[in-house]
Amino acid sequence: MLDTLTINKQRGARQLLAVPITLALLVFSAIFAMAIGAVSLSGSDILSYVSHGFSPAQDSLSARVLFEIRLPRTVLSLAVGAALGLSGAAMQALFRNPLADPGLIGVAGGGALGAVIVIVLGHSLFPIMMATVGVYALPIGAMIGCLGVCAIIYKLSNRQGQFTIITLLLAGIAVNAIVGSMIGILTLISTDSELRELTFWTMGNLGGNGWSLTLPVLVLIFISLIGLSRLAKPLNLYLLGEAQAQHLGVSVSRLKKQVFVYTAMAVGAAVSISGMIGFVGFVVPHFVRILIGPDHRFLFPVSMLLGASFLTITDIIARVAIIPAELPIGLVTSALGGPFFLFVLYKQTNRH
Amino acid sequence: MSINIQSLSISIGEKTLLDTIDLTINPNELTVLIGPNGAGKSSLLKACSGDIHPDTGEIFINQNPIQSYSPINLAKTRAVMTQSYEMGFGFTVMEIVSMGCFIYEEQVSKCQRQKIIKDVMNFMEISHLAERNFMTLSGGEQQRTQLARVLAQLWQPYEQEEARYLFLDEPTSSLDVFHQYHVLSLAKELTKRNIGVLAVVHDLSLAASFADQLVLLNNGEIVTKGESENVLQRSYLEKVYGIKAEYFHQSKEVKPSILLDRNQ
């Protein structure tokens, strides 16, 4: 009894400290990500370059490395990590289940199918379109896949204005199965080079994207993160149950639709550019919840910041582990996140 | 001002849940619904809360049809305690109770809000549990926490011109005998603040002790309604519950109770 009391007293202090600490971690990991690599830059170099504005006026190698490779990649890893962390937390709230994940309702799977179709069938089926959109073909394909799956699931689970979570979940499972088999068929008929490209895509990769590819993704992620953050308070009440939240004055069906649309947008945008990066959306909010409790007003910003830092740090590891080659980041997130999470669970069960 | 239910019928598929119900729930009164399992008590309560929509008939809350209320306005007019609550996340008792302040959160200062939370927790005697994880509480403690949250919703403003309502679906099901009486006395107290209370109670003696208006339901219909003494008559009890029993009120000094015959 006394023990639980003190544990919960600590929670208030942790909630207040969590945002500044994760924010500091984020800044630190971002600077670290820009400094480390095949061409190493010192922290003071980075600060002086950035303080002279974003125009690559200094035409030195290190300035170009920073502005054209490191900076877009770091910004992208922060944005994708924030999107995955926050949409994971939002999904778990929507399903009122701490084990839910954006991959669960088939959003990520739809994105993967779209990307694989572009890789394997793109040049033979729509050659003119592929030529026009160029490098955008893959992210556009992934985005269309995400939105297509969302539209189908949404239509299925939205009957007469009622939005049933169990149908959403079941539809997601079915869609994931269908998507999996279609990707399998496409894998069978792909050539060796296509097979290599799609394998790497499904393992996730943040590299090779310039500003032109990164910016549209950043805008989409930014909008959905703002949208989700504003739903923190009603989502707390929603955890009491749908009827209970409605009784307290929350418009529940609207809330569910908003969470669904914003999450689909954030995950769709993230997947479209980075490929499949599993585990972040699941492990980050769960870990944060253990530390500071389930209150979304704190859980959301902290999951977002920690997700961003976590993905940036794993991306550093992915880049430098086997120089000059790169590890797919999806492998690193799972390899690091999995054991760490098991350790946390082990400590948890031991305490009780 | 009151809740007016006019020839309300609700059915799901073939099953009739409620059949042409006419009932008035007045503020300043405690209305208690009794009846056997599946009689339609919860359905009636859900219809009044706005959870299920009538097939035919109308429900007017303070002269306005219930459909015309937005979720926010409905929440300002009534609070609901449901039979079951799922909670898979480790909120503290205090956090759960403070959720009841959602609708007026912006209108009151943080200080006032904390006072309200403290008051309702004292009322339900859960102050000592404030920092505990809700999921680790006993059934009765959880029920008292949820009740405190529901009370918080109606705590502010303390009194108001417009009548408000409180719906309680078996609020006493997990409580010990002291807290059963405590909760219903509290419900009775609330009726003095221009709040009408509609409660589902299974214990007939408990219902008889507190109800201003007792409503006996069976198969989705109102069998009879009125004062406890008239509703809990031998013939009704036998017809509806299939028990042989007598309403017994010895003196003004004690609460009434239902005495069952030795030979059923």
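The values are calculated or read from the model by the stated rules, or taken from the named source; none is laboratory data. Keep in mind that this is a model prediction, so the values were computed, not measured. Note: ideal-geometry Cβ built from the backbone for every residue, glycine included; neighbour counts use all protein chains shown. The protein model used for the area step is the full one, side chains on, heavy atoms only, and it has no ligands, DNA or RNA in it. Shrake-Rupley method; radii C 1.70, N 1.55, O 1.52, S 1.80 Å.
Remarks
- Considering residues of region B:12-28 that are open to solvent by less than 50 Å² (accessible area, probe 1.4 Å) and not in a loop (DSSP other than H, G, I, E, B) only, the residue nearest to B:T172 (Cα to Cα): B:I25
- Test: residue in region B:129-143 that is surrounded by 14 or more Cβ atoms within 10 Å (Cβ to Cβ), away from every other protein chain (no Cβ under 13 Å) and touching a helix residue (DSSP H, G or I) at 6+ places or on another chain (Cβ under 7 Å): yes
- Among residues of region A:260-276, those that are in contact with a Ser or Thr (Cβ under 6 Å, 6 or more places away or on another chain) and open to solvent by less than 20 Å² (accessible area, probe 1.4 Å), counted: 3
- Being surrounded by 16 or more Cβ atoms within 10 Å (Cβ to Cβ) and aliphatic (A, V, I, L, M) is true of B:L204.
- In region A:190-233, residue most open to solvent (accessible area, probe 1.4 Å) [restricted to those that are of a type in the set (G, A, S) and closer than 30 Å to B:M87 by Cα]: A:S229
- Once region B:72-116 is narrowed to residues that are more than 7 Å from every other protein chain (Cβ to nearest Cβ), among the aliphatic types (A, V, I, L, M) and over 16 Å from B:Q146 (Cα atoms), the residue that is nearest to the chain's Cα centre (by Cα) is B:L74.
- Of the numbered criteria (1) more than 14 Å from chain B (Cβ to nearest Cβ); (2) aliphatic (A, V, I, L, M); (3) open to solvent by less than 10 Å² (accessible area, probe 1.4 Å); (4) out of contact with any Gly (no Cβ under 6 Å at 6 or more places or on another chain), the one A:I105 fails is (4).
- Qualifying residue in region B:104-126 (condition: modelled with pLDDT under 95, open to solvent by less than 30 Å² (accessible area, probe 1.4 Å) and of a type in the set (G, A, S)): no
- Assessment of region A:155-173 against the conditions (buried (at least 18 other Cβ atoms within 10 Å of the Cβ) and among the hydroxyl-bearing types (S, T, Y)) yields at least one matching residue.
- Check on B:K46, basic (K, R), within 24 Å of B:T224 (Cα to Cα) and more than 14 Å from every other protein chain (Cβ to nearest Cβ): no
- Applying a threshold of 9 Å to beta carbon distances and a minimum spacing of six or more residues, or different chains, the list of pairs starting in region B:4-18 at a residue that is at positive phi and ending at one that is open to solvent by 20 Å² or more (accessible area, probe 1.4 Å) and among the hydroxyl-bearing types (S, T, Y) reads B:S7/B:T20; B:S7/B:T56.
- Residues that are more than 14 Å from chain B (Cβ to nearest Cβ), buried (at least 19 other Cβ atoms within 10 Å of the Cβ), in a loop (DSSP other than H, G, I, E, B) and over 13 Å from the mean Cα position of the chain (by Cα) are absent from region A:252-259.
So that you can scan it fast, the table gives a plain yes or no per residue for (1) touching a residue at least 24 places away in the same chain (Cβ under 8 Å); (2) within 30 Å of A:N209 (Cα to Cα); (3) part of a loop (DSSP other than H, G, I, E, B):
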position	(1), (2), (3)
A:I273	yes, yes, no
A:G278	yes, yes, yes
A:R289	yes, no, no
A:F298	yes, no, no
A:P301	yes, yes, no
A:M304	yes, yes, no
A:G307	yes, yes, no
A:T312	yes, yes, no
A:D315	yes, yes, no
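- Any hit, region B:202-214, residues being assigned to a strand (DSSP E or B) and under 18 Å from the mean Cα position of the chain (by Cα): yes
- Test for B:P157: is it more than 13 Å from every other protein chain (Cβ to nearest Cβ), in contact with a strand residue (DSSP E or B) (Cβ under 9 Å, 6 or more places away or on another chain), more than 23 Å from A:H296 (Cα to Cα) and not small (G, A, S): no
- Any hit, region A:280-290, residues being open to solvent by less than 10 Å² (accessible area, probe 1.4 Å) and within 14 Å of chain B (Cβ to nearest Cβ): yes
So that you can scan it fast, the table gives a plain yes or no per residue for (1) among the small types (G, A, S); (2) modelled with pLDDT of 90 or more:
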| site | (1), (2) |
| --- | --- |
| B:L23 | no, yes |
| B:S42 | yes, yes |
| B:P54 | no, yes |
| B:I66 | no, yes |
| B:I72 | no, yes |
| B:S84 | yes, no |
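- B:T31 within 10 Å of chain A (Cβ to nearest Cβ) and surrounded by 21 or more Cβ atoms within 10 Å (Cβ to Cβ): no
- Residue list for region A:234-251, filter: in a helix (DSSP H, G or I), surrounded by fewer than 23 Cβ atoms within 10 Å (Cβ to Cβ) and touching a Lys or Arg at 6+ places or on another chain (Cβ under 9 Å): A:E242, A:A243
- Residue within region B:244-259 that is open to solvent by less than 50 Å² (accessible area, probe 1.4 Å), under 25 Å from B:L17 (Cβ atoms) and part of a strand (DSSP E or B) present: no
- Looking only at residues in region B:46-82 that are among the polar types (S, T, N, Q) and surrounded by 15 or more Cβ atoms within 10 Å (Cβ to Cβ), the one that is farthest from B:S7 (Cα to Cα) is B:T82.
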